[in-house]
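**Student:** Before we start, here is the structure in question, set down as structure tokens.
The values are calculated or read from the model by the stated rules, or taken from the named source; none is laboratory data. Owing to the predicted nature of the structure, the values given are computational and were not obtained by experimental measurement. For neighbour counting, all protein chains shown are included, and Cβ atoms are generated from backbone atoms with ideal geometry for every residue, glycine included. The area values use the complete protein model at the heavy-atom level, side chains included, leaving out ligands, DNA and RNA. Shrake-Rupley method; radii C 1.70, N 1.55, O 1.52, S 1.80 Å.
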Amino acid sequence: SKGTYEFYMLKEIDEQPAVMRRLSTEYLDENGEPVVDDKIVDAVAKADRIYIFAAGTSYHAGLVGQQIFEKFAGIPTEVGYASEAGYHFPMMSKHPFFIFLTQSGETADSRVVLTEANKRHIPSLTMTNVEGSTLSREADYTMLLKAGPEIAVASTKAYTAQVALQAILAKAVGEKLGKQEAKDWNLKHGLSIAAEGIQEIVDGKEAIEKLAKKYLIPSRNAFYIGRGIDHAVSLEGALKLKEVSYIQTEGFAAAELKHGTISLIEDGTPVIALINDPVTADLTRGNIQEVASRGANVITIVGKQFAKEGDTIVLPEIDYYLSALVSVVPAQLLAYYASKDKGLDVDKPRNLAKSVTVE
Ligand code: F6R
């Protein structure tokens, strides 16, 4: 039940620290070693390429997973829209492994790809929040997100659970393959830092509501920008905001704006910029300058280690590869308050249903 919450979306945002701790307890032992079914780890370790298929928010979680799998498992990884791959099946490597990310386990677009995969005897894993769901039954393997029921149409805790669970699997596979990066990765610690970081953000939600009121609600459009994992989170932040507040929002690779889209920046256009990538932090600062000088109202969401005077939301310091777990939370809250303070039905945005069972 919603308890004292006006909407499930906020309840589910608030539950994320607990979800992080639960995944850590269930899938990592006291020494931080992954506790994942050997059959799954072996099957993925044999692959020469991982293909992740999903839709919407789950697709965005896959974009983060791609970077994590390549870094810690050392296996080339591709991410595709299930709705596209089902009808234009991508060219396969010799030993592909398919991962389906799906909160509901019922998304029709993803089922089409899985049916094709099964015809071709491609091994597959479904990461889902719903035990016994269709995609779970039809894939070779299942890993459960253990996020608890997600009721709000806009997905929040399933996204962070998908990112964390991919990290756990990547570590397990990387260790199996003898990858030093995987062995050295203190994921247990990372998830506990993430849980604390999320808690800090949700405890400061009033400040985020003020930002939503001041900058987002008056605007018809908005942008999210970032590079690397921050780009993946930008896409998710934009989807969340437009989905529940009806403010048209685009997520962009920060440097791509200047190749065309920057012409849309006017006085007062909100641009939310994410900086958690050590490689590109300074470059993104340059892109912020470009939009600010054209009149944009810039909101920055910045990891502590990269923070400068004047930043709007400073996140606790966290491993780049886990940064999405924390940096997405202010974006979720901005979306929530933009919707709520416009008087909209946050949990049931128009034209949408919780699971999309048509192609
Ligand atoms: C957005 C959202 C959707 C779902 C998408 C896939 O907030 O919830 O974009 O992520 O419809 O759903 P699942 O993960 O159930 O396959």
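**Student:** Residues of the stretch 160-200 being farther than 12 Å from residue 28 by Cα, touching a residue at least 60 places away in the same chain (Cβ under 8 Å) and of a type in the set (Lys, Arg), which ones?
**Tutor:** 176, 179 - these are the residues of the stretch 160-200 that are farther than 12 Å from residue 28 by Cα, touching a residue at least 60 places away in the same chain (Cβ under 8 Å) and of a type in the set (Lys, Arg).
**Student:** Within the stretch 57-66, can one find any residue that is more than 16 Å from the ligand (Cβ to nearest atom) and within 26 Å of residue 17 (Cβ to Cβ)?
**Tutor:** Step one: filter the stretch 57-66 for residues more than 16 Å from the ligand (Cβ to nearest atom), giving 66.
From what's left, within 26 Å of residue 17 (Cβ to Cβ): 66.
Within the stretch 57-66, one or more residues are more than 16 Å from the ligand (Cβ to nearest atom) and within 26 Å of residue 17 (Cβ to Cβ).
**Student:** Looking at this structure, is residue 302 within 16 Å of the ligand (Cβ to nearest atom) and crowded, with 16+ Cβ neighbours inside 10 Å?
**Tutor:** Details: within 16 Å of the ligand (Cβ to nearest atom): no; crowded, with 16+ Cβ neighbours inside 10 Å: yes.
Spelling it out, it is not the case that residue 302 is within 16 Å of the ligand (Cβ to nearest atom) and crowded, with 16+ Cβ neighbours inside 10 Å.
**Student:** Just one of (1) open to solvent by 10 Å² or more (accessible area, probe 1.4 Å); (2) over 13 Å from residue 240 (Cβ atoms); (3) outside any loop (DSSP other than H, G, I, E, B); (4) not β-branched (Val, Ile, Thr) trips up residue 337, so point out which.
**Tutor:** The one condition residue 337 does not meet is (2).
**Student:** On to the next question. Please work out which residue is nearest to residue 346 (Cα to Cα), limiting yourself to the stretch 37-54 and to residues that are within 23 Å of the chain's Cα centre (by Cα) and open to solvent by less than 20 Å² (accessible area, probe 1.4 Å).
**Tutor:** Restricting to residues being within 23 Å of the chain's Cα centre (by Cα) and open to solvent by less than 20 Å² (accessible area, probe 1.4 Å), the top hit is 54.
**Student:** Can you find even one residue in the stretch 69-77 that is more than 25 Å from residue 319 (Cα to Cα) and either more than 11 Å from the ligand (Cβ to nearest atom) or of a type outside the set (Phe, Trp, Tyr) (or both)?
**Tutor:** Keep residues of the stretch 69-77 that are more than 25 Å from residue 319 (Cα to Cα), which gives none.
Within the stretch 69-77 (the criterion being more than 25 Å from residue 319 (Cα to Cα) and either more than 11 Å from the ligand (Cβ to nearest atom) or of a type outside the set (Phe, Trp, Tyr) (or both)), the answer is no, since none of the residues qualifies.
**Student:** Within the stretch 120-130, which residues are within 14 Å of the ligand (Cβ to nearest atom) and either open to solvent by 10 Å² or more (accessible area, probe 1.4 Å) or modelled with pLDDT under 95 (or both)?
**Tutor:** Correct list: 129, 130.
**Student:** Just the residues that are within 10 Å of the ligand (Cβ to nearest atom), touching a strand residue (DSSP E or B) at 6+ places or on another chain (Cβ under 6 Å) and under 25 Å from residue 183 (Cα atoms), please, taken from the stretch 131-169. First the steps, then the outcome.
**Tutor:** Filtering the stretch 131-169 for residues within 10 Å of the ligand (Cβ to nearest atom) gives 133, 135, 145, 150, 152-156, 158-159, 162.
Now narrow it down to the ones that are touching a strand residue (DSSP E or B) at 6+ places or on another chain (Cβ under 6 Å): 135, 162.
The one that is within 10 Å of the ligand (Cβ to nearest atom), touching a strand residue (DSSP E or B) at 6+ places or on another chain (Cβ under 6 Å) and under 25 Å from residue 183 (Cα atoms): 162.
**Student:** Additional query: Does residue 43 meet the test of being modelled with pLDDT of 95 or more and part of a loop (DSSP other than H, G, I, E, B)? Explain how you work it out, then say what you get.
**Tutor:** On the way: modelled with pLDDT of 95 or more: yes; part of a loop (DSSP other than H, G, I, E, B): no.
Considered against the rule, which asks whether it is modelled with pLDDT of 95 or more and part of a loop (DSSP other than H, G, I, E, B), residue 43 comes out as no.
**Student:** Select, from 14, 29, the only residue that is without any contact (Cβ under 8 Å) to a residue 40 or more places away in the chain, of a type in the set (Asp, Glu) and open to solvent by less than 70 Å² (accessible area, probe 1.4 Å). Before you say what the answer is, go through the steps one by one.
**Tutor:** On the way: 14 fails: without any contact (Cβ under 8 Å) to a residue 40 or more places away in the chain.
29 is the lone residue from the list that is without any contact (Cβ under 8 Å) to a residue 40 or more places away in the chain, of a type in the set (Asp, Glu) and open to solvent by less than 70 Å² (accessible area, probe 1.4 Å).
**Student:** I need every pair where a residue in the stretch 278-296 that is open to solvent by 20 Å² or more (accessible area, probe 1.4 Å) has its Cβ under 7 Å from the Cβ of a residue that is assigned to a helix (DSSP H, G or I) and not aliphatic (A, V, I, L, M), sequence separation at least 6 or different chains.
**Tutor:** 278/320; 290/258
**Student:** So, one more: List every residue pair whose Cβ atoms lie under 8 Å apart, where the two residues are 6 or more positions apart in sequence or sit on different chains, the first residue falls within the stretch 59-82 and is farther than 14 Å from residue 232 by Cβ and among the aromatic types (Phe, Trp, Tyr), and the second residue, located anywhere, is more than 16 Å from the ligand (Cβ to nearest atom) and part of a loop (DSSP other than H, G, I, E, B).
**Tutor:** 72/179; 72/185
**Student:** Go through the stretch 79-101 and give me each residue that's surrounded by fewer than 18 Cβ atoms within 10 Å (Cβ to Cβ) and outside any loop (DSSP other than H, G, I, E, B).
**Tutor:** Result: 81, 84.
**Student:** I would also like to ask the following. Has the stretch 175-194 got any residue that is within 14 Å of the ligand (Cβ to nearest atom), under 28 Å from residue 318 (Cβ atoms), β-branched (Val, Ile, Thr) and not in a loop (DSSP other than H, G, I, E, B)?
**Tutor:** So in the stretch 175-194, the residues within 14 Å of the ligand (Cβ to nearest atom) come out as none.
The answer is no; no qualifying residue exists.
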